[in-house]
Amino acid sequence: MQEYNTLLENLTLKQRNAIALYMTCKDTREWAKKIGVKPDTLYRWLRDDDFKMALSATQSEFLNGVWKQVKALGEVAVEN
């Protein structure tokens, strides 16, 4: 997979904002409203390879961060 920053460089500012807000929205309508585009635009972006790869990489980075926090909390709990 391409380097994360390179993936983002291939996107517009609105697309980068969309990725940043993705995990904060309950559905596509809310997501579209928060970034100021129509839901159809998001569906089009979701078919775009660059956008899909950047979104997937962002999700992976987020989940890796969550996993590290959970693991650290588990280690603290075991020590106490």
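The values are calculated or read from the model by the stated rules, or taken from the named source; none is laboratory data. Please read all numbers here as calculations on a predicted model, not as lab measurements. Glycine also receives a Cβ, built like all others from the backbone with ideal geometry; neighbour counts cover every protein chain displayed. When the accessible area is computed, the model is the full protein with side chains, heavy atoms only, and any ligands, DNA or RNA have been set aside. Shrake-Rupley method; radii C 1.70, N 1.55, O 1.52, S 1.80 Å.
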Go ahead and set up a Gaussian network model of the chain, Cα springs under 10 Å, then flag whichever of Trp67, Trp45, Trp31 fluctuates most.
Trp67
How much FRET efficiency would the formula 1/(1 + (r/R0)^6) give for Tyr43 and Glu3, where r is the Cβ-Cβ distance and R0 is 25 Å, rounded to 0.05?
0.40
Summing -39500 (n - 2.57) over every DSSP H run of at least 4 residues in the chain and dividing by its residue count gives a helix-only mean residue ellipticity at 222 nm, to the nearest 500 deg cm²/dmol, of -24500 deg cm²/dmol
Answer label for Cα Rg over 2.2 N^0.38 Å (calculated), chosen among (1) 1.19; (2) 1.15; (3) 1.34
(3)
If exposed means no more than 14 neighbouring beta carbons inside 10 Å and the site is in a DSSP loop, what's the longest run of the chain without any exposed trypsin sites (Lys or Arg not before Pro)?
48-80
How do Met23, Met53 stack up against each other in accessible area, from largest to smallest, with a 1.4 angstrom probe?
Met23, Met53
Can you find, among Gln69, Gly36, Leu7, the residue farthest towards the positive end of the dipole of the chain? Put +1 on the C-beta of Lys and Arg, -1 on that of Asp and Glu.
Gly36
Along the stretch 23-28, what does the Karplus equation 6.51 cos²θ - 1.76 cosθ + 1.60 (θ = phi - 60°) give for ³J(HN,Hα), rounded to whole Hz, x for Gly and Pro?
7, 9, 10, 7, 7, 5
